[in-house]
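To keep things clear, I will list the structure first and then write my remarks on it.
A short reminder: the numbers here are calculations on the coordinates, not readings from a lab. Just so it is clear, the structure is predicted and the values come from calculations on it, not from any experiment. No Cβ is skipped: glycine too gets one built from the backbone with ideal geometry, and neighbour counts run over all protein chains shown.
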Amino acid sequence: MTAGQGLLPGPAEAAVFATAVFVLNATPGVDFLLTVSRTLQGGARAGVAAALGISAGCVMHALAAAFGLAALLALHPQAFVVIQWAGAAYLVWLGLGMLRQAWRAAPGPSVTGNAVPRRTAWADFRGGLLTNVLNPKVALFFLAFLPQFVPADSPSATASFLLLGAWFVLQGTLFLLLLVALAARLSRLQASDAARRALGALGGALFIALALRLLGARPATAP
């Protein structure tokens, strides 16, 4: 008997789980857009750092959901609203920063193809972490999605939840790294500084739009 026997769903349900995770990862959202925008602006190093920060945020959400913190968030709308506004404010801050950078960027050829000034890897990691952690919809998603795939006869529901969370994070991380590779290839084709500025402005506008969309969300228990 293997260590994970009985803790994970059977082959058919596992295939459904993997497909659902892929669809969720491939649907453009905050994590998707942040990974692409940081790669286009700062290169593969920036994209990888942001992707790893997002994955770290998912780890925190999975642990919180496994040990009941996400359930408390769903039961207390006031806590949801506080995190909701904090997350929206951070997205607006990111969006305005991108718009400001696009506006102030001096026209002219770029030697490296990367945005100037360069950010540290830690700054990009922190950005990915915060955008994910400050999104209460991610916490509620883990609470609503993962339990559907916990085997009814699992010897430990918590252990099953943690294994599914690890699977989700691993698959999501691989997807984001592939996204970084694709975006980095595209960035090498974008030799025009004006094009990079336009992409930065578009990304900033999208982050502000996502912030407004986040503010329109409601806790799952809200009427």
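Listed values, structure above:
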{"quantity": "Linear extension gain, Ala15 paired with Leu212, 0.36 nm per residue minus alpha-carbon span", "calculated": "67.5 nm"}
{"quantity": "Cβ-defined net charge surrounding Gly128, 14 Å radius [Lys, Arg +1; Asp, Glu -1]", "calculated": "+2"}
{"quantity": "Estimated distance in nm for a label pair at Leu178 and Ser154, the labels positioned 7 Å out from Cα along Cα-to-Cβ", "calculated": "2.5 nm"}
